[in-house]
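The values are calculated or read from the model by the stated rules, or taken from the named source; none is laboratory data. Please read all numbers here as calculations on a predicted model, not as lab measurements. Note: ideal-geometry Cβ built from the backbone for every residue, glycine included; neighbour counts use all protein chains shown.
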Amino acid sequence: MGSRMTLFAIPWLVLVTTGSPVQVGLVTAAETLTYVISGVLAAPLQDRLGDRVTSIGSDLGSVAALAAIALFGQTDFTLLMVLAAVLGTLRAQADRSKVTMLAPMMDVAGADYARVAAIRESVLRSSTLLGSALAGVVIVFFGAIGGIWIDAASFAVAAVLVKIVAAPPVAVAEEKPPYFAALSEGFAMFRHDRLLRAVTGMLFFTNLFNQASTVVFIPLWVLSNMDDPAALGAVATAYAVGIIAGSFVVAWLTPILKRYPMLVTGYLIGGAPRFLVLALSDNLTVVVVVWLVSGIAMSSLNPTVAAMVYHRTPKKMLARVGGIITAVAFGGVPLGGIIGGLLVESLGLVDAILIATAAYFMASLSPVFGYHLWREIDDSAPKQKQPWIGQVLAGLRITFRYVGGEWTLSVWRRGRWLGKHSVEAKMAVNALARLETEQVHAALNEVLHHDRSLAEAQVRKARQRIEAFGQYAADGGVSYPYSPLEPR
């Protein structure tokens with residue numbers, strides 16, 4: 001809640017100090033930009049330090065940054081810009097480390113990722129509502145500086161809670177890659193996972209138009225139809241309350257419902273309709289109801305995406321990949337206000353909203369158009385990319401063959417046979433057992449069962465011959481139609 005109060009306290013401090021809306025925008029942009037960029041660039045450092053240490057250190061650093069803003073923010077605007085940028089950097093690490101800290105806890109508890117993400121979403125939305133409401137009260141009674149000091153205290157409390165609640169991780173001797181190598185691994189992981197790229201790309205465009213709606217369309221709609229600032233709060237509150245209520249429903253239903261249909265249904269009901277109602281109606285009650293229903297429908301989005309990221313990303317790379325996803329997904333936010341303003345200025349409010357509605361709707365249909373890819377959102381792990389036939393023929397191929405109790409290994413490269421080699425059974429079995437492929441394991445089990453059956457048959461046959469030889473000797477060498485030591 002403290003950081004939500006800062007969203008109001010720092011801009012208010014700039015306004016009462018300078019009276020310049022432009023400088024308010026510059027300070028906000030400085031904090032937002034460093035928040036997004038540092039989420040990518042500082043992630044390898046988080047991996048090296050650990051989530052717990054990063055969380056506590058970032059929270060304590062935020063205390064110092066906010067204290068400096070409260071003490072010196074009114075004296076120099078350039079210094080305030082620098083401190084806001086530092087605060088954005090620290091907040092990014094604090095937020096990201098707390099998210100990645102959840103993964104091992106959920107694994108130990110055996111908790112459903114989507115359910116935990118839904119509960120977390122409801123807590124965050126509730127804190128946004130309470131923090132926004134408290135911000136006005138705090139600023140009235142204590143001023144902007146007082147609100148900033150309260151936020152600093154909230155970060156100190158957060159650091160203490162993490163230190164008490166989060167147990168130190170078990171030390172594991174593991175060599176950490178160099179900074180740029182770790183950063184490159186994160187980008188490689190993101191680049192090679194098609195579903196992560198598709199989801200993040202869609203979020204880029206939907207966040208762009210969400211921002212256009214928040215900072216341009218809704219304020220202008222209120223100004224044009226009723227000129228009552230309270231209507232702004234009513235629309236925003238309805239949407240937030242809808243998401244909070246819907247998050248509890250999602251947390252209840254997510255273990256039994258597929259995530260893909262929840263995501264598609266949420267976008268179809270709660271996406272474009274909340275834009276469209278601004279163009280078709282001038283009734284505040286209608287708009288509030290539509291935005292409330294939209295919030296309930298859209299409550300499945302963040303839990304679904306979070307669970308997908310948790311499932312598909314190796315735990316040691318969550319910070320890096322998560323930082324990249326956040327940076328790309330929120331990359332459209334700075335553009336949203338600009339594009340929204342240009343559309344309104346060129347076409348008028350209603351036409352601008354209609355165009356934004358159509359664009360948002362097309363973006364939200366990505367899961368439908370890309371069904372075969374997006375349905376993987378229900379899977380617990382990404383599917384391996386299958387090479388095309390040209391890559392198979394041109395690359396190196398190694399084939400194990402089992403015939404008559406013997407293992408052989410054949411090698412081809414670029415379609416040319418390089419030779420065949422005998423392989424010890426133990427080595428072949430160990431190599432094939434390492435492959436995480438169900439069909440290989442099934443075939444290997446069949447081979448081992450066949451070998452075991454042959455060995456048991458040979459043992460039984462040898463035992464019968466030995467018994468027959470013993471009987472031959474006991475009978476004083478009586479001649480039999482065949483020698484017990486010769487095959488029948």
*Quick check, is residue 10 of a type outside the set (Phe, Trp, Tyr), within 29 Å of residue 335 (Cβ to Cβ) and surrounded by 23 or more Cβ atoms within 10 Å (Cβ to Cβ)?*
yes
*Does the range 340-363 contain at least one residue that is among the aromatic types (Phe, Trp, Tyr), farther than 27 Å from residue 98 by Cα, surrounded by 21 or more Cβ atoms within 10 Å (Cβ to Cβ) and in contact with a helix residue (DSSP H, G or I) (Cβ under 8 Å, 6 or more places away or on another chain)?*
yes
*Taking only the range 197-207 into account, find how many residues are of a type in the set (Ser, Thr, Tyr) and either closer than 14 Å to residue 356 by Cα or surrounded by fewer than 20 Cβ atoms within 10 Å (Cβ to Cβ) (or both).*
1
*Sort out which residues of the range 176-187 are over 14 Å from residue 325 (Cβ atoms) and of a type outside the set (D, E, K, R), and write them in order of number.*
177, 178, 179, 180, 181, 182, 183, 184
*Say whether the condition of being under 16 Å from residue 88 (Cβ atoms) and either under 20 Å from the mean Cα position of the chain (by Cα) or surrounded by 19 or more Cβ atoms within 10 Å (Cβ to Cβ) (or both) is met by at least one residue in the range 17-24.*
no
_Residues within the range 56-76 that are farther than 22 Å from residue 100 by Cβ and in contact (Cβ under 8 Å) with a residue 60 or more places away in the chain, tallied_ = 6
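Here is a yes/no grid of residues against (1) surrounded by 11 or more Cβ atoms within 10 Å (Cβ to Cβ); (2) modelled with pLDDT under 70; (3) of a type in the set (Ser, Thr, Tyr):
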position: 396; (1), (2), (3): no, yes, no
position: 409; (1), (2), (3): yes, no, no
position: 429; (1), (2), (3): yes, no, no
position: 452; (1), (2), (3): no, no, no
position: 459; (1), (2), (3): no, no, no
position: 487; (1), (2), (3): no, yes, no
*asked:* I'm trying to understand the selection: among the residues of the range 55-80, which are within 22 Å of residue 39 (Cβ to Cβ) and of a type in the set (Val, Ile, Thr)?
replied: 56, 63, 69
*Which is in the same structural domain as residue 163 (by TED's automatic domain parsing) and not acidic (Asp, Glu), of 124, 130, 90?*
90
*Would you say residue 358 is modelled with pLDDT under 90 and of a type in the set (Gly, Ala, Ser)?*
no
*May I ask you to verify whether residue 61 is over 25 Å from the mean Cα position of the chain (by Cα) and within 27 Å of residue 164 (Cβ to Cβ)?*
yes
*For the range 208-301, please list each of the helices (runs of 4 or more DSSP H) lying entirely inside it that holds at least 3 residues being surrounded by fewer than 21 Cβ atoms within 10 Å (Cβ to Cβ) and small (Gly, Ala, Ser).*
229-253
*Take the residues in the range 302-338 that are charged (D, E, K, R) and in contact with a Leu (Cβ under 8 Å, 6 or more places away or on another chain), then tell me which one is surrounded by the fewest Cβ atoms within 10 Å (Cβ to Cβ).*
312
